[in-house]
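Below is one structure, written out as structure tokens; comments come after it.
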Amino acid sequence: MKYYDKLIFELSRKGRKGWSLPENTWENTPEELPDTLKRCQDPRLPEVSEPDVVRHYVNLSNMNFGVDTGFYPLGSCTMKYNPKINEETSSHPGFTSLHPLQPASTVQGALRIYRELSGFLCSLTGMSAFTLNPFAGAHGELTGLMVMRQYHISRGDTRRTKVIVPDSAHGTNPASAAVCGLEVVEVKSTSQGVIDIEDLKPLLDDTVAGIMMTNPNTLGLFETEIHGIASAVHAAGGLLYYDGANMNALLGKVRPGDMGFDIMHLNLHKTFSTPHGGGGPGAGPVGVTAELAHLLPAPAVTAAPDGCCEVTGSPDSLGRISGFMGNFGVLVRAYTYILMLGKENIRKVGPYSVLAANYVKESLKDVYRLPVQSLCKHEFVFDGLADSGTGVTTLDIAKRLLDYGFHAPTIYFPLLFHQSIMIEPTETESKETLDAFIDAMRKIAAEAESDPELLKSAPHSTPVRRPDETLAATHPVLGYRFGEGTE
Ligand SMILES: Cc1ncc(COP(=O)(O)O)c(C=O)c1O
């Protein structure tokens, strides 16, 4: 262990300081503080110098892997490069010093961004109205399903409590439906990985509130029968919900509204470039057709007769689904990203992300098992190594990739295959980076034949190797145990 790998509590020495507070010149403070608020003991903080603190955090950050350190092909998670200009605009003091309770007349610029961004998202998706208030994709799903449920209730159609979800769906889809009080009914995929229409038809009756889909689906496959599915669901009185968490492949080319979807969410933190992972921050705006717009949550931003923006909410609105009006910093990043690319370049996101995924897929399909052979969109799924006789698993491959300096793809999802490796390269990577990844994947396939033990014991070069994931999930140690190793 290197000296600075020690925890900062272990470096603590009594009386050592890295910072001195200014002298207290407000003489009355102690008397004004009620006794209950006065500290009886010194806080249990490490006592360290400034260099120790700086080295501690810099070393910790070096142990991390992010899209700024290397290629991060995490399927169903779009880890595209996030342009630094987004950080510049979103950290502008004119935005960061705003208070959400300020009167609308003093935050016209921020409200205009909210309105214009909603408009951009409508143009890109074919929806008629957007709320930017939800904080994440799953929060958007819940909001969208609440709109779906409210639509049926407002028409007196209260029997519609079932939501159809494909077996390839992202786990948040059935979870959000359940949280919304709806019953989940699964529809099967064909051997080609798309929705089985013959399985769907008998499910469509007058108890169905709608269907949740993503297109391309989580196998990266485009549901070419989408118009037929939309007509059948609509004919049965249901609505179509589009999970647009990863809309990269469609961006600027195809719009969910034109495919027949009624409600959708986007993950701004993926498709519209905000650094994410580790729990946030996110934004999951929800878009709807004109018929459903009055149900969207409040507050909303609308145009006043004098051209200014005002904060309103329709009388039929669901009400609040977030404290204020969403994660504003993420909204500014998405707004910047869209304006930076402009109309012409945003159209290239889809084709380039599809090209990158197909290039990687075709370059590796002789050594990794490709269960669905057709052209993919922005991501695709291998089912482990082509040679399944080596005993090397998807987990071993993922761990070995870390030794080659790449983040592992999504593994063991979707659940349709036993050894899923889900790869999404994104449009922001150069051909050289894709080639280096392909090279590493091919080397790993060769190592699986020549030295499987090397893979089974990987990674060999990371600060943490193979943690016991079950123990970590069931008995997480999230804090420093004070008193062990301190002076
Ligand atoms: C297809 C899909 N839907 C929904 C979500 C949920 O998004 P969030 O993690 O922001 O709640 C994700 C996130 O990975 C996703 O990939």
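The values are calculated or read from the model by the stated rules, or taken from the named source; none is laboratory data. Since the model is a prediction, treat every value here as computed from it, not as a measurement. Because the Cβ atoms are built from the backbone with ideal geometry, glycine has one as well, and the counts that use them run over all protein chains shown.
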| query | Would it be correct to say that Arg44 is surrounded by 10 or more Cβ atoms within 10 Å (Cβ to Cβ), part of a helix (DSSP H, G or I), of a type in the set (Lys, Arg) and more than 16 Å from the ligand (Cβ to nearest atom)? | reply | no
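Could you tell me which of the residues Leu200, Leu221 is among the aliphatic types (A, V, I, L, M) and modelled with pLDDT under 95?
Exactly one residue qualifies, and that residue is Leu221.
Has the range 25-40 got any residue that is assigned to a loop (DSSP other than H, G, I, E, B), surrounded by 10 or more Cβ atoms within 10 Å (Cβ to Cβ), modelled with pLDDT of 90 or more and not polar (S, T, N, Q)? Break it down stepwise before answering.
Filtering the range 25-40 for residues assigned to a loop (DSSP other than H, G, I, E, B) gives 25-28, 33-34, 38-40.
Pick out the ones that are also surrounded by 10 or more Cβ atoms within 10 Å (Cβ to Cβ) and you get 33.
Of the ones still in play, those that are also modelled with pLDDT of 90 or more are none.
No, the range 25-40 contains no residue that is assigned to a loop (DSSP other than H, G, I, E, B), surrounded by 10 or more Cβ atoms within 10 Å (Cβ to Cβ), modelled with pLDDT of 90 or more and not polar (S, T, N, Q).
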| message | Quick check on this structure: which one of Asp366, Asp396 is more than 21 Å from the chain's Cα centre (by Cα), in contact (Cβ under 8 Å) with a residue 40 or more places away in the chain and not assigned by TED's automatic domain parsing to the domain that holds His269? | response | Asp396
| request: Just give me the residues in the range 411-421 being buried (at least 22 other Cβ atoms within 10 Å of the Cβ) and either of a type in the set (Ser, Thr, Tyr) or within 15 Å of the chain's Cα centre (by Cα) (or both), in sequence order. | output: Ser420
| field | helices (runs of 4 or more DSSP H) enclosed by the range 73-128 - at least 3 residues per element that are within 14 Å of Leu339 (Cα to Cα) and more than 16 Å from the ligand (Cβ to nearest atom) | value | 85-90, 108-125
| Is the range 234-256 home to any residue that is surrounded by fewer than 18 Cβ atoms within 10 Å (Cβ to Cβ), in contact (Cβ under 8 Å) with a residue 60 or more places away in the chain, outside any helix (DSSP H, G or I) and within 16 Å of the ligand (Cβ to nearest atom)? | no
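Would you mind finding the one in Phe135, Phe65 that is within 16 Å of the ligand (Cβ to nearest atom), aromatic (Phe, Trp, Tyr), part of a loop (DSSP other than H, G, I, E, B) and surrounded by fewer than 23 Cβ atoms within 10 Å (Cβ to Cβ)?
Working: Phe65 fails: within 16 Å of the ligand (Cβ to nearest atom).
Testing whether each residue is within 16 Å of the ligand (Cβ to nearest atom), aromatic (Phe, Trp, Tyr), part of a loop (DSSP other than H, G, I, E, B) and surrounded by fewer than 23 Cβ atoms within 10 Å (Cβ to Cβ) leaves just Phe135.
Applying the selection to the range 452-481, what residues are part of a loop (DSSP other than H, G, I, E, B) and either touching a Pro at 6+ places or on another chain (Cβ under 7 Å) or small (Gly, Ala, Ser) (or both)?
At the first step, the residues of the range 452-481 found to be part of a loop (DSSP other than H, G, I, E, B) are 457-468, 475-481.
Correct list: Ser457, Ala458, Ser461, Arg465, Gly479.
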| query | Among Gly277, Gly282, which is surrounded by fewer than 24 Cβ atoms within 10 Å (Cβ to Cβ) and at positive phi? | reply | Gly277
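In the range 164-199, how many residues are assigned to a helix (DSSP H, G or I) and within 14 Å of the ligand (Cβ to nearest atom)?
Of all residues in the range 164-199, those assigned to a helix (DSSP H, G or I) come to 172-179, 197-199.
Cutting the leftovers down to within 14 Å of the ligand (Cβ to nearest atom) gives us 172-177, 179.
Looking only at that region, the number is 7.
Which of the residues spanning the range 202-233 are assigned to a loop (DSSP other than H, G, I, E, B), within 16 Å of the ligand (Cβ to nearest atom) and not charged (D, E, K, R)? Show your work before the answer.
Applying the first criterion (assigned to a loop (DSSP other than H, G, I, E, B)) to the range 202-233 yields 204-207, 214-225.
Narrowing the set further to residues that are within 16 Å of the ligand (Cβ to nearest atom) leaves 214-223.
Selection gives Thr214, Asn215, Pro216, Asn217, Thr218, Leu219, Gly220, Leu221, Phe222.
Residue-by-condition table, conditions (1) more than 18 Å from Gly144 (Cβ to Cβ); (2) assigned by TED's automatic domain parsing to the domain that holds Gly156; (3) at pLDDT 95 or above:
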site: Leu182; (1), (2), (3): no, yes, yes
site: Glu186; (1), (2), (3): yes, yes, yes
site: Val194; (1), (2), (3): yes, yes, no
site: Pro216; (1), (2), (3): yes, yes, no
site: Ile229; (1), (2), (3): no, yes, yes
site: Leu251; (1), (2), (3): yes, yes, no
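Just checking, how many residues over the range 257-283 are part of a helix (DSSP H, G or I) and near the ligand (Cβ under 10 Å from one of its atoms)? Spell out how you get there, then give the answer.
First, the residues of the range 257-283 that are part of a helix (DSSP H, G or I): 257-259, 268-271.
Checking the rest, the ones that are also near the ligand (Cβ under 10 Å from one of its atoms) come to 268-270.
So the answer is 3.
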| Would a scan of the range 301-318 turn up a residue that is within 14 Å of the ligand (Cβ to nearest atom) and without any contact (Cβ under 8 Å) to a residue 12 or more places away in the chain? | no
| Failed criterion for Arg159 (all others in (1) part of a loop (DSSP other than H, G, I, E, B); (2) touching a strand residue (DSSP E or B) at 6+ places or on another chain (Cβ under 7 Å); (3) more than 30 Å from Cys376 (Cα to Cα); (4) not hydrophobic (A, V, I, L, M, F, W, C) hold) | (2)
